[in-house]
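Computed from the coordinates by the stated procedures, all read-outs in this text should not be read as laboratory data. For clarity, every value in this text was computed on a predicted model and none was experimentally measured. Glycine gets a Cβ as well: all are built from the backbone with ideal geometry, and neighbour counts include every protein chain shown.
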Amino acid sequence: MVSFILRRLLMMVPLLFAASIIVFIIIRIGPTDPALAYLRLSQIPPTDEALAAARDFLGLNKPMVTQYLEWIGRAVRLDFGLSYVNGRPVLDEILYYLPATLSLAGVSLLITVTVSLPLGVLSALYKDRAFDQAVRAIVFFGVSMPNFWFGFLLVAIFSVTLGWLPPMGRGTLAHLIMPASALALMSTCINIRLVRASVLENMNNRSVLYARARGLKEKTVIGIHVLKNSLIPVVTVIGMHLGELLGGAVVVESIFSWPGVGRFAVSSIYNRDYPVMQCFILFMVIIFVLVNLLVDICYAWLDPRIRFSRSDK
Amino acid sequence: MVRNRKIFVLALAIVMAIVSAAVFAPLISPHDPNEVNLEMKLSPPGFDHLLGTDHLGRDIFSRLIYGARVSVATVAAIILLVLAFGLGIGMLAGYAGGIVDAALMRLCDVFFTFPTFVLALFMVGILGAGMGNVIIAIALTHWAWYARIVRGLVLTFKYRDYILAARAAGTGRIKIVVRHILPPVFSQLVILATMDIGHMMLHVSGLSFLGLGITPPTPEWGVMISDAREYIWTQPSVILWPGMMIFLTVMSFNLIGDVVRDRLDSKGKGDT
């Protein structure tokens, strides 16, 4: 198990470096000159001398490879530079906004799991009955609904019409309900489908037939032979959901004025605050990759076949 | 099954209606979608303005129709790009094998480390908003999935008897790829793309909603929702219609994708 984790960690390193190269390339092919953005945000008139000085100061005159190596060298030491807008260290800014986003994404993930597991399992057990059909219809609507529109519908119903929930901001649990639901909608619906399919697949398994033939109680058959096996694959998609949640958070934070890193990133995009944008995307990649690693580890731990088949190679 | 067919026909009808609205937008729409009339702003639905007007007095119904044009064109361009990239790179990797395959697949792995919407947001943030850049950003964030699937498909076909026979008969490599591998791979891929159309539409409208996609005053549905957000307290219906259009369109494409896939699945099972 330890060697499995170590190997996966080692595999992560080159991937992260390659991702950072892509980020670097995207920034360089952009049409805007970072030096110009820097001057504008520092409120310095963009004269030729100022531009030359800024290019020199930001290291834009050095060869590309040197620029990249210097940037990544500092990033590895957790130095992401200073924000063009307020001159504060970018890392501090991101870390300031990150907890709000993580709590939002975390609660959404919790909603996804707690709602989708029972609904998916029940839907499979009552296949083609009224309950299953209702769940499938809701799921079908859910995956087609833009999360920002769903968010506004929630606001229109629960804030504007009923006045039950605060329409924006952060603070109490009541503030969290609508953003987290809007964010969780898509992954919950996708997950219900996966759980349902997985349970149905396992119910056709031979071991279930034998268990029934052995005269085991239906409860035992479903509980031990079906559910335990069918929930393992569901673990693997949590990482995928997180990608959806991180992207969705940007939109949902904008609707509900949620003071998270997504809203901060969007405002830094409007401002063309390059250091913040770079730091944001690297953070998202690192969170995404780490959670997927964690998921893989859980999966290997739950299902010995994975652990052993790959560690022999 | 009968019920499913009815729903399928309904979905098909909605998609056809939206595509024809897109094509014939100037003929159908009663008003110019960008005609500003501040005296008529936020007027309720009526005879002249079927669904009322927005905060600048523009006719919502006409903007929805022109919005179909923008959405259909954008997604069509994205799908074409993704298919071209995915097919090109996936077939190259699958057919060439060896170091080319390994290198291309590692490149795909790198793209898998990004949450797709976040990467698209970042790209548009750097390249600037606008239809062209949205198309590029979303295509670039999705091609890797297609390339990997194409590669897998190519590998399953590569050693089939008829391919081996063609090779033994001395058929050239390019001819084998174009004549014998491309057609079956392509049909599978089109089905996958159909299932992805809805997802891509949501990305486009999400970016536009944030002000980083298709830019105002272009009548795009996500832009319309973003424009209407301030009036949710006074005139919530303004926000309802464009969302409804996205919802209906995405749902119809999803439904068609599902049905087509199920057809194929059951067909595949019948073969074995």
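Can you give me the relative contact order of chain A as a percent, contacts being Cα pairs under 8 Å and 6 or more apart?
25 percent
When all alpha-carbon pairs of chain A are counted, what percent fall beyond 30 Å?
The calculated P(r) of chain A puts 49 percent of pairs beyond 30 Å.
Between A:Lys228 and A:Trp164, what is the spin-label point distance in nm, taking each point 7 Å from the Cα along the Cα→C-beta axis?
4.0 nm
Over what distance in Å are the Cα centres of the range B:56-96 and the range A:70-99 separated?
So the two Cα centres are separated by 36 Å.
Between 0 and 90 degrees, rounded to the nearest ten: what's the tilt of helix B:116-127 against the longest Cα principal axis of chain B?
Here the helix axis deviates by roughly 70 degrees.
Mind listing the phi-derived Karplus ³J(HN,Hα) values for the range B:228-237, rounded to whole Hz, using 6.51, -1.76 and 1.60 with θ = phi - 60°, and x for any glycine or proline?
Ordered by residue, 3J(HN,Hα) equals 8, 4, 6, 9, 5, 7, 9, 9, x, 5 Hz.
Let me make sure I get this right: for the range B:167-272, a, b and c are the square roots of the gyration tensor eigenvalues over alpha carbons, sorted descending. Under 1.5 in a/c it's rounded, otherwise prolate if a/b > b/c, else oblate. Which is it?
Note, shape of the range B:167-272 comes out oblate.
Can you list residues whose amide H is under 5 Å from A:Trp258's amide H, if they're 5+ apart or on another chain and H is modeled 1.01 Å from N?
A:Gly169
Among the helices of chain A (complete DSSP H runs), which have Cα atoms covering no less than 27 Å along the helix axis and a Kyte-Doolittle mean of at least -1.0?
Going by DSSP H runs, the hits are A:2-29, A:90-125, A:173-203, A:274-302.
What three numbers, in Å, describe the spread of the alpha carbons of the range A:1-100 along their principal axes, ordered from the longest?
Between the extreme Cα coordinates on each principal axis of the range A:1-100 lie 60, 35, 21 Å.
Report the Stokes-Einstein translational diffusion coefficient (µm² s⁻¹, integer) for the range B:1-122, Rh taken as the Kirkwood radius over Cα pairs, at 10 °C with viscosity 1.306 mPa s.
Value of D from the Cα-based Kirkwood radius: 86 µm²/s.
DSSP loop (so not H, G, I, E, B), at most 15 other Cβ within 10 Å: list which chymotrypsin sites (Phe, Trp or Tyr not before Pro) in the range B:10-100 pass both filters.
Counting only loop positions with at most 15 other Cβ atoms within 10 Å, the chymotrypsin sites (Phe, Trp or Tyr not before Pro) in the range B:10-100 are B:Phe24, B:Phe47.
Add -39500 (n - 2.57) for each DSSP H run of 4 or more in the protein assembly as shown, then divide by its residues: what number comes out at 222 nm, to the nearest 500 deg cm²/dmol?
-25000 deg cm²/dmol
Would you please name the chymotrypsin sites (Phe, Trp or Tyr not before Pro) within the range A:109-188 that are DSSP coil residues with at most 15 other C-beta atoms within 10 Å of their C-beta?
When the chymotrypsin sites (Phe, Trp or Tyr not before Pro) of the range A:109-188 are filtered for loop state and at most 15 Cβ neighbours within 10 Å, A:Tyr126, A:Trp164 remain.
Enumerate the residues in the range B:84-105 having an amide nitrogen under 19 Å from the point lying 7 Å beyond the Cα of B:Tyr162 toward its Cβ.
B:95
By how many nm would the segment from A:Ser103 to A:Arg28 lengthen if fully extended, with 0.36 nm per residue of separation less the alpha-carbon distance?
23.7 nm
Full-extension gain between B:Val9 and B:His55, please, as 0.36 nm times their residue separation minus the C-alpha to C-alpha distance.
Stretched out fully, the B:Val9 to B:His55 stretch lengthens by 12.9 nm.
Suppose we look only past 43 Å in the calculated P(r) of the protein assembly as shown. What percent of the Cα-Cα pairs does that tail hold?
Tail of the P(r) past 43 Å holds 25 percent of the pairs.
Which of A:Ile29, A:Tyr68, A:Ala19 sits farthest toward the positive end of the charge dipole of the range A:9-73, with +1 on the Cβ of Lys and Arg and -1 on the Cβ of Asp and Glu?
It is A:Ala19, whose Cα lies furthest towards the positive end.
Can you compute the FRET efficiency between A:Leu9 and A:Arg74 using 1/(1 + (r/R0)^6), with r the Cβ-Cβ distance and R0 = 22 Å? Round to the nearest 0.05.
Once the sixth-power term is evaluated, E becomes 0.50.
Taking only C-alpha pairs under 8 Å that are 6+ residues apart, what is the relative contact order of the range B:174-264 in percent?
Normalised by residue count, the contact order of the range B:174-264 is 33 percent.
Using a Förster distance of 60 Å, how high is the FRET efficiency between B:Leu38 and A:Lys62, based on the Cβ-Cβ distance and rounded to 0.05?
Here the calculated transfer efficiency is 0.70.
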